[in-house]
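To start, the structure itself, in structure tokens.
The values are calculated or read from the model by the stated rules, or taken from the named source; none is laboratory data. It should be emphasised that the depicted structure is a prediction, and the values quoted were computed from it without experimental measurement. All Cβ positions, glycine included, derive from the backbone under ideal geometry; neighbour counts span all protein chains shown.
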Amino acid sequence: MRDRSSFKSVKKFSIYVGVLYKVSVSYCRLLLDCWTCSAAPQQFPAAQIDAGQGMVVMTDKNSSAFFLSGSRWSKLGSVPLKHVSVGPPGIWGVDRQNEVYKFVATDFVPTRGLELKQVDAGGQGQIVGVTISDSIHCLNANSASSIKELMNWDTMSGLLIYYSCAPTGCWGVNSEERIYFMVNLCLQMERQSMSKLGIIYFKKHLLLSRTGISGQVPQGTGWKKIEMSVKIKHASYDLGYLWLVTETGFIVECTK
């Protein structure tokens with residue numbers, strides 16, 4: 001196995017993409033920020049992609065889930081899913097009825113306790129997600145690693161349309177395109193509210209990268225826009241690889 005829309009996965013990185021289905025494309029910004037992109041193994045038409053822990057998972061427009069094995073995509077379980085995520089707590093997904101699933105042994109098994117439209121497994125063992133009404137929820141690492149079917153989700157204040165975590169913290173975007181950051185999500189849920197980093201207005205399919213992220217400043221200091229020539233609907237970054245899904249369903253792999 002190998003090795004994380006528009007702006008929904010805000011911890012992800014940005015990229016310029018040219019005509020790259022048959023050749024690779026390099027793009028350098030002031031010779032300091034260079035990406036080389038090429039067509040990745042395809043499972044057309046792709047809908048969503050997520051990378052973490054050295055794995056890459058995806059769903060296609062038929063709600064089938066796959067994982068990248070070498071240079072090909074292999075079927076991941078038998079459950080139709082609209083969204084999958086991989087990270088320290090394993091592989092999780094949600095179906096079109098917003099039921100939450102956890103991958104156990106050889107297939108996805110349903111969990112009880114909450115219905116979510118999107119989940120993310122990229123944090124420090126916790127699972128986060130949002131409901132169809134945009135409420136925000138977290139499952140701590142102990143619960144996420146248990147074999148119990150009934151999950152006790154914690155509820156946070158605020159509303160988000162998408163939520164995504166990295167080891168240094170979690171990022172979210174609301175319906176007004178405001179970006180939020182929070183650390184230690186499950187542990188400090190009752191004591192720490194989300195701080196607004198700023199209002200980012202963007203056109204659909206625009207990709208941005210957060211700059212200035214460090215151990216001392218996990219929320220970063222600014223946003224960097226990189227122009228692109230094809231429309232991107234989903235992005236994910238892990239271990240030096242940037243994975244993109246174009247609006248038409250092609251998968252692109254980029255490295256610096």
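Would you confirm whether any residue within the stretch 91-104 is under 14 Å from the mean Cα position of the chain (by Cα) and not in a strand (DSSP E or B)?
no
Can you pull out the residues in the stretch 117-137 that are surrounded by 24 or more Cβ atoms within 10 Å (Cβ to Cβ) and out of contact with any Phe, Trp or Tyr (no Cβ under 7 Å at 6 or more places or on another chain)?
GLY122, GLY123, GLN126
Determine which single condition GLY77 fails, assuming it passes every other condition in (1) in contact with a Lys or Arg (Cβ under 6 Å, 6 or more places away or on another chain); (2) among the small types (Gly, Ala, Ser); (3) more than 23 Å from VAL252 (Cα to Cα).
Result: GLY77 fails condition (1) only.
Restricting attention to the stretch 70-110, which residues are of a type in the set (Ser, Thr, Tyr) and at pLDDT below 95?
SER71, THR106
Out of ALA51, ALA47, which single residue is part of a strand (DSSP E or B), under 16 Å from CYS165 (Cβ atoms), of a type in the set (Gly, Ala, Ser) and touching a strand residue (DSSP E or B) at 6+ places or on another chain (Cβ under 8 Å)?
ALA51 is the lone residue from the list that is part of a strand (DSSP E or B), under 16 Å from CYS165 (Cβ atoms), of a type in the set (Gly, Ala, Ser) and touching a strand residue (DSSP E or B) at 6+ places or on another chain (Cβ under 8 Å).
Any idea how many residues of the stretch 105-121 are within 20 Å of ALA47 (Cα to Cα) and either part of a strand (DSSP E or B) or of a type outside the set (A, V, I, L, M, F, W, C) (or both)?
Number satisfying all stated conditions: 5.
Any residue in the stretch 40-60 that is over 24 Å from PRO89 (Cβ atoms) sitting within a Cβ distance under 6 Å of a residue that is of a type in the set (Gly, Ala, Ser) and surrounded by fewer than 24 Cβ atoms within 10 Å (Cβ to Cβ)? List the pairs, counting only those 6 or more apart or interchain.
The qualifying pairs are PRO41/SER71; PHE44/GLY249; PRO45/GLY249.
Determine whether PRO167 is in contact with a helix residue (DSSP H, G or I) (Cβ under 8 Å, 6 or more places away or on another chain) and within 18 Å of SER236 (Cβ to Cβ).
no
Is it the case, given these coordinates, that LYS148 is charged (D, E, K, R) and farther than 19 Å from TRP171 by Cβ?
Against the criterion (charged (D, E, K, R) and farther than 19 Å from TRP171 by Cβ), LYS148 qualifies.
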